[in-house]
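Trainee: Take this structure, written in structure tokens, and hold onto it; I'll ask about it next.
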Amino acid sequence: MSITILGIESSCDDTSSSVIRDGVLLSNVIAGQAVHEAYGGVVPELASRAHQQNIIPVVSEAIKRAGIDKSELDAIAFTRGPGLMGSLLVGTSFAKGLSMSLNIPMIEVNHLQAHVLAHFIKDTPDDTDQPNYPFLCLLVSGGNSQIIKVNAYNDMEVIGQTIDDAAGEAFDKCAKVMGLGYPGGPIVNRLANEGNPKAFAFSKPHIPDYNYSFSGLKTSFLYTLRDRLAEDADFIEKNKADLCASLQATVVDILMDKLRKAAKDLHIKEVAIAGGVSANTGLRDAFHDHAKRFGWKIHIPKFAYTTDNAAMVAITGYYKYMDKEFCPMDAAPFSRVVL
Ligand code: KG4
């Protein structure tokens, strides 16, 4: 018997819905929110309003593109948290209404767990390129930088995480002080491709275990700009590409140093990346390089599954459905959480 899951994601500023049947993607619709660009960051109140406008068309389109009727759905998986409370409320409330009207169960999904499980989305029924357990996953986004040991779809251990800023935040904040747009990560990535990664040296943290810190790098970047701008008012304009390349190289080095240490200590050679920053081409190159040097089997998600999307919510829902892990109607969203 086939299992068909509708996924709904609304944790931040993307409204997304997806249909997955037996682990195979049938549709994945994402509506972004350009309204935040003018503010240089996500404005929670505006995000909730945009979700409210987008949710019905996005879900309808996902069902239509999947080529199914809503009566064929077996369950609705929705992101319960972490994320922005107002944004999460829109997706959660919609999931409740739809599950009641169709008389099918609801499945709550942890957004971070979903990012990791994005690696299990099959594009075709014979797609076998999924990680084997246990594997390590570097989860890097605007709000998280974690190394996760994934023992099973429902057994994940965070073995290291940032003690201050996330990697994406470091990209975004440094981009902001250079006067680049928002979100800064993709812009830094684009400019870095034309620059020299060794042009500037920024500080790297010395903290124990598998934890990360990016606040020192941010300060060191700021001080470099301050000192150089005092000598030359056009310093940023003249050195944009080199600044971006050096910043990106430093972030990638920091991320890979700890990941390499974890892989070595735990004797795990199967390694994945997930989250928005996993779109970074410098990080992807470093992964390929490590695969060659250390014999890692690497898993790099398609660009469509790096940022927030409902396909990852639907695949998580699919696994939970198989274990009959349904949630009650009074499930309320949560803004903060650990895995
Ligand atoms: O996972 P995500 O879409 O949202 C959450 O934070 O949940 O990640 C967004 C983050 C932003 O900080 C953005 O600047 C960063 O991912 N990002 C990138 C790239 N694409 C997105 N950072 C570096 N290089 C990229 N190509």
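Values in this text are rule-based calculations from the coordinates and carry no lab data. Since the model is a prediction, treat every value here as computed from it, not as a measurement. Please note: Cβ atoms are built from the backbone with ideal geometry, for glycine as well, and neighbour counts cover all protein chains shown.
Trainee: Given an 8 Å cut-off on Cα distances and at least 6 residues of separation, report the relative contact order of the chain as a percent.
Mentor: 25 percent
Trainee: Of Ile254, Ala314, Leu243, which is farthest towards the positive pole of segment 240-323's charge dipole, taken about the Cα centre with +1 and -1 on the beta-carbons of Lys, Arg and Asp, Glu respectively?
Mentor: Ranked along the dipole, the leading option is Ile254.
Trainee: With contacts defined as alpha carbon pairs under 8 Å and 6 or more residues apart, what's the relative contact order of segment 1-143 in percent?
Mentor: It rounds to 26 percent for segment 1-143.
Trainee: Separate question: Can you list the DSSP H helices in the chain whose Cα atoms extend at least 30 Å along the helix axis and whose mean Kyte-Doolittle hydropathy is -1.0 or higher?
Mentor: 44-66, 235-266
Trainee: For segment 225-315, count all C-alpha to C-alpha pairs, find those more than 23 Å apart, and express that count as a whole percent of the total.
Mentor: On the way: 1719 of 4095 pairs.
Beyond 23 Å sits 42 percent of the P(r) for segment 225-315.
Trainee: If the chain between Asp129 and Phe303 were fully stretched, how many nm would it gain, using 0.36 nm times the residue separation less the Cα-Cα distance? Can you show the working numbers first?
Mentor: Working: separation 174, 0.36 × 174 = 62.64 nm, distance 1.57 nm.
Fully extending the segment from Asp129 to Phe303 adds 61.1 nm.
Trainee: By how many nm would the segment from Ala332 to Val35 grow when fully extended, if each residue of separation counts as 0.36 nm and the alpha-carbon distance is taken off?
Mentor: Working it through step by step, the gained length comes to 104.2 nm.
Trainee: If the reach is capped at under 17 angstrom between alpha carbons, list the aspartates and glutamates near Lys64, excluding any in the same chain fewer than eight residues apart.
Mentor: Once the sequence-local aspartates and glutamates are set aside, what remains near Lys64 is Glu72, Asp74.
Trainee: Throw me the Rg/Rh for the chain, computed over C-alpha atoms with Kirkwood Rh, two decimals.
Mentor: On the way: Rg = 20.5 Å, Rh = 20.6 Å.
Over the Cα atoms of the chain, Rg/Rh equals 0.99.
Trainee: Something else now. How do the peptides 55-61, 38-44, 315-321, 25-31 rank, highest first, by the average count of neighbouring beta carbon atoms within 10 Å per residue?
Mentor: 315-321, 25-31, 55-61, 38-44
Trainee: So, one more: Considering only C-alpha atoms, what is the centroid distance from segment 274-293 to segment 13-45, in Å?
Mentor: 23 Å
Trainee: Here's another thing I want to ask about it. Classify segment 1-149 from the C-alpha gyration tensor, please: rounded if a/c falls under 1.5, else prolate or oblate depending on whether a/b exceeds b/c.
Mentor: oblate
Trainee: Go through Lys238/Lys258; Lys122/Lys292; Lys258/Lys297; Lys70/Lys122; Lys297/Lys324 and tell me which ones have a Cα-Cα distance over 23 Å in this structure.
Mentor: Checking Cα-Cα distances, Lys238/Lys258; Lys122/Lys292; Lys297/Lys324 exceed 23 Å.
Trainee: Which three lengths, in whole Å and largest first, does segment 112-251 cover when its Cα atoms are put on their principal axes?
Mentor: Cα extents, longest axis first: 57, 36, 24 Å.
Trainee: Report the local net charge at Ala170: Lys and Arg +1, Asp and Glu -1, summed over other residues whose C-beta lies under 10 Å from its C-beta.
Mentor: Net of charged neighbours comes to -2.
Trainee: How large is the helix-only mean residue ellipticity at 222 nm for the chain, computed as the sum of -39500 (n - 2.57) over DSSP H runs with n ≥ 4, divided by its residue count, in deg cm²/dmol to the nearest 500?
Mentor: -14000 deg cm²/dmol
Trainee: Could you tell me whether segment 217-256 comes out rounded, prolate or oblate from its Cα gyration tensor? Rule is a ≥ b ≥ c as square roots of the eigenvalues, rounded for a/c under 1.5, then prolate if a/b exceeds b/c, otherwise oblate.
Mentor: The shape class here is oblate.
Trainee: For an R0 of 22 angstrom, estimate the FRET efficiency from the Cβ-Cβ distance between Met322 and Ser71 and round to the nearest 0.05.
Mentor: 0.55
Trainee: Mean separation of Cα pairs under 8 Å and 6+ residues apart, divided by the residue count of segment 117-211: what relative contact order is that in percent?
Mentor: In percent, rounded to a whole number, it is 19.
Trainee: If you don't mind, another one. If each residue's Cβ is checked for other Cβ atoms within 10 Å, how do His288, His115 rank with the fewest at the top?
Mentor: Lowest to highest Cβ neighbour count: His288, His115.
Trainee: Relative to the Cα centre, what is the charge dipole magnitude of the chain, using +1 at the beta carbon of each Lys and Arg, -1 at the beta carbon of each Asp and Glu, and rounding to the nearest 20 debye?
Mentor: 400 debye
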